[in-house]
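Colleague: Below you will find the structure I want to go over with you.
The values are calculated or read from the model by the stated rules, or taken from the named source; none is laboratory data. For clarity, every value in this text was computed on a predicted model and none was experimentally measured. All Cβ positions, glycine included, derive from the backbone under ideal geometry; neighbour counts span all protein chains shown. Just so you know, the surface numbers come from the protein's heavy atoms only, side chains and all, with ligands and any DNA or RNA stripped out. Shrake-Rupley method; radii C 1.70, N 1.55, O 1.52, S 1.80 Å.
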Amino acid sequence: MRRNIFIVAGIAAASLMATIAVAGDTETAKPTDIGPQPGRIIKMQTAFNPALPGSGEAVRTFTRTIKHMSGGQLVIKIVEPGRLAPTADMLDAIVAGDLEAAFTWSGYAARKAPVFGVFATVPFGPGPEDMTSWMIEGDGSRIHRAAYEKLGVTGVPCGVQGGKGGGWFRGDFATVDDFKGQRLRFTRFAGEIVARMGATAVPVPPGEFFYQLQQGKVDGGEMSTPAIDAALGFDKLGLPYFMPGWQQPSAVLDFLMRKDKWDALSSSQRAQIETACRANISWMLSHSPHVQGTALEKLKAAGVAVREWSPEVMKAFRDNAEIVLKEEADRDPDFAAALANQRAFVRQSVDWRKLSRLP
């Protein structure tokens, strides 16, 4: 019976990850919605299933904002994940002209240019508030846009996701020795960090992680935020959920168009997209604490043991993170400059955070 529950949960997770019927901007048309025909329709493939909480909801929120702001004269039509191009390859498809637009995660672009990792996968990096402040008040958006323009693409920051969960694991993982010989799903820098601690980083696609963890083919690893993990049924596995998500405290989401196609839009259309993206960032910042907090409580109520990493393990994560990030900075000057800029900006407000927040 328990095995059947696992299989059903796995099927539900895969179904939710892989399939969703998306029509237009995912709204159901009503007679009162009928108005002037749109002056411009942009087809945008998303990296995030619009049925999922958080980043998925952000896709729908963005398209609704555009529609309302333009009075229906600019419409973003959502194309479901993987329909026209594999999610990880959407940037290439934008450059090639196979995709008109994309809503994605900055980290996918790190394969083209390591600097994008600064916006997506910095272990022990800035949280969502500091990331947003750097992007808007600091040099973050300038660095971000310049990096995309080198690839012939216009990238508009269009969301800031909060921290992931630390992951799901078979066992206590209370000491550094517990990592030795374990097969763990971590990506990018986090994979290098756990490898330095004796584990083997296994590149498992997101849609396969539930099954491989259920079947014991991997010993643990990260998935996503508590809300998404709960929606995908990870509580059915009967495994402890570790916190915090040191590997990705925040991440920038991007709206992408090839630069010549972006330039072909009218100035008002470009301004509407940029303004809607700014509003999307604000919405995600306000929405995330509630939706993640609620999801964590639901996981606990379902019997999930939520555990905090031990001080020993957190120190090992942090020490190895500094080594891995320095190695990347030594290899790539653009990454080094962006990381130094980000850290300098965040340091400016350290005293204020300490003094302004109640103990």
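Colleague: Where does the chain land at 222 nm, in deg cm²/dmol rounded to the nearest 500, when only DSSP H runs of n ≥ 4 count, each adding -39500 (n - 2.57), divided by all residues?
Modeller: -14500 deg cm²/dmol
Colleague: Give, as a single signed number, the net charge of other residues whose beta carbon lies under 10 Å from the beta carbon of GLY245, with Lys and Arg counted +1 and Asp and Glu -1.
Modeller: 0
Colleague: How fast does the chain diffuse by Stokes-Einstein, in µm²/s, taking the Kirkwood radius from C-alpha pairs at 20 °C and 1.002 mPa s?
Modeller: D, rounded to a whole number, is 101 µm²/s.
Colleague: Ok, one more. Taking the Cα centre of the range 139-298 as origin, work out the dipole magnitude from +1 charges on Lys and Arg Cβ and -1 charges on Asp and Glu Cβ, in debye rounded to 20.
Modeller: Values: 18 positive and 16 negative charges, 76 e Å.
For this selection, approximately 360 debye.
Colleague: About its Cα centre, what dipole magnitude does the range 226-302 give when the only charges are +1 on Lys and Arg Cβ and -1 on Asp and Glu Cβ, stated in debye to the nearest 20?
Modeller: 80
Colleague: If you average the alpha carbon positions of the range 257-292 and of the range 214-250, how far apart do those two centres end up, in angstrom?
Modeller: A separation of 29 Å, based on Cα centres.
Colleague: About the Cα centre of the range 147-196, how large is the charge dipole given +1 on each Lys and Arg Cβ and -1 on each Asp and Glu Cβ? Please answer in debye to the nearest 20.
Modeller: For this selection, approximately 140 debye.
Colleague: For the range 123-198, just say rounded, prolate or oblate: build the C-alpha gyration tensor, square-root its eigenvalues into a ≥ b ≥ c, call rounded for a/c under 1.5, and beyond that prolate if a/b exceeds b/c, oblate if not. All intermediate terms of the calculation are to be shown ahead of the outcome.
Modeller: Working: a/c = 3.23, a/b = 2.24, b/c = 1.44.
Taking the square roots of the gyration eigenvalues as a ≥ b ≥ c, the range 123-198 is prolate.
Colleague: If the chain between LYS315 and GLU137 were fully stretched, how many nm would it gain, using 0.36 nm times the residue separation less the Cα-Cα distance?
Modeller: So the extension gain works out to 61.0 nm.
Colleague: Oh, and also: Setting aside same-chain residues fewer than 8 positions from LYS315, which lysines have a Cα under 18 Å from its Cα?
Modeller: Excluding near neighbours in sequence, the set is LYS180, LYS326.
Colleague: Where the centre of each part is set by its Cα atoms, how far does the range 327-358 sit from the range 172-202, in angstrom?
Modeller: The range 327-358 and the range 172-202 have Cα centres separated by 25 Å.
Colleague: Quick one, what does Rg over Rh come out to for the range 145-254 if you take C-alpha atoms and the Kirkwood Rh?
Modeller: Values: Rg = 15.6 Å, Rh = 15.1 Å.
Result: Rg/Rh = 1.03.
Colleague: For VAL176 and GLU129 in one chain, what is 0.36 nm times their gap in residues minus the Cα-Cα distance, to one decimal in nm?
Modeller: On the way: separation 47, 0.36 × 47 = 16.92 nm, distance 3.06 nm.
Length difference between fully extended and current span is 13.9 nm.
Colleague: Identify which of GLN161, GLN272, GLN348 has the largest mean-square fluctuation in a Gaussian network model of the chain, with springs joining Cα atoms closer than 10 Å.
Modeller: Of GLN161, GLN272, GLN348, the Gaussian network model singles out GLN348 as fluctuating most.
Colleague: Out of GLY233, LEU253, GLY221, whose Cα points farthest toward the positive end of the dipole of the range 140-261 (charges: +1 Lys, Arg; -1 Asp, Glu; placed on Cβ)?
Modeller: It is LEU253.
Colleague: Please label the shape of the range 48-192 as rounded, prolate or oblate, based on the square roots a ≥ b ≥ c of the eigenvalues of the alpha-carbon gyration tensor (a/c under 1.5 means rounded; beyond that, a/b larger than b/c means prolate, else oblate).
Modeller: It comes out prolate by the Cα gyration axes.
Colleague: Something else: Before I look further, what does the chain give for accessible area per residue, probe 1.4 Å, in whole square angstrom?
Modeller: Working: 16180 Å² over 359 residues.
Value for the chain: 45 Å² per residue.
Colleague: Farthest toward the dipole's positive end in the chain, which of PHE345, PHE103, GLY72, given Cβ charges of +1 (Lys, Arg) and -1 (Asp, Glu) about the Cα centre?
Modeller: Comparing the listed Cα positions along the dipole, GLY72 ranks first.
Colleague: Quick one: pull the percentage of alpha-carbon pairs in the range 47-111 with a separation above 16 Å. Provide the component values of the computation, followed by the final result.
Modeller: On the way: 1044 of 2080 pairs.
Of the Cα pairs, 50 percent sit more than 16 Å apart.
Colleague: Something else: Which entries in the list LYS67/LYS298; LYS112/LYS164; LYS43/LYS298; LYS150/LYS354 go over 32 Å, if you measure between the two C-alpha atoms of each?
Modeller: Among LYS67/LYS298; LYS112/LYS164; LYS43/LYS298; LYS150/LYS354, the Cα-Cα distance tops 32 Å for LYS67/LYS298; LYS43/LYS298; LYS150/LYS354.
Colleague: Relative contact order for the chain using alpha-carbon pairs under 8 Å, separation at least 6, rounded to a whole percent?
Modeller: Normalised by residue count, the contact order of the chain is 23 percent.
Colleague: Of THR187, THR46, which has the most accessible area with a 1.4 Å probe, and how do the rest follow in descending order?
Modeller: I get THR187, THR46, largest accessible area first.
Colleague: Here's something else I'd like to know. Considering the chain as a Gaussian network with a 10 Å cut-off on Cα pairs, which listed residue, GLY293, GLY127, GLY233, attains the greatest mean-square fluctuation?
Modeller: GLY293
Colleague: Here's something else I'd like to know. Does a label point 7 Å from the Cα of ALA344, set along Cα-to-beta-carbon, have any residues of the range 123-145 with amide nitrogen under 11 Å, and which are they?
Modeller: Within reach of a label on ALA344, which here means backbone N under 11 Å from a point 7 Å along Cα→Cβ, the range 123-145 contributes 139.
Colleague: On alpha-carbon atoms, Rg over Rh for the range 262-359 using Kirkwood Rh?
Modeller: Numbers: Rg = 20.2 Å, Rh = 18.5 Å.
Rg divided by Rh gives 1.09.
Colleague: Right, something else. Roughly how many nanometres apart are two label points built 7 Å out from the Cα toward the Cβ at ALA301 and ILE41?
Modeller: 4.1
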